[in-house]
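Structure incoming, see below.
What follows is calculated from the coordinates using simple rules that are stated; it is not laboratory data. Here the structure is a predicted model, which is why all the values come from computation and not from measurement. As a convention, Cβ positions derive from the backbone with ideal geometry for all residues, glycine included, and neighbour counts pool all protein chains shown.
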């Protein structure tokens, strides 16, 4: 029989802000929104700075390897600079590859997005169920 401490028995709601992180004198939401949207920096200045920044090439195979090795710090570091993704030979197909349908008349994008109206991790269950039901109805 395992024994749980009082802390382990408490329920934990992912969507709630922990008591230790709550503040009575928080920033104005207008200020936060301005910071998120870069409202204080004109868009032409942001674009100019972006275009002036050094652009490094990164092969798609490098991104795949970093993903497979779960290198989160490397991924976050990449977001801080400008990159051009180059496609390696391994990802290219011969133009006469039988798996390519050059003469296909109709195609459909396989895209489906659900946004939950609930907070916390419990909403993922509802989204997953709705997604599965939608996929089943498409078959």
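Rounded if a/c is under 1.5, else prolate if a/b is larger than b/c, else oblate: which is segment 23-107, with a ≥ b ≥ c the root eigenvalues of its Cα gyration tensor?
Details: a/c = 2.29, a/b = 2.07, b/c = 1.11.
Verdict is prolate for segment 23-107.
7 Å from Cα along Cα→Cβ at both residue 75 and residue 32: what's the point-to-point distance in nm?
Between residue 75 and residue 32, the label points sit 2.5 nm apart.
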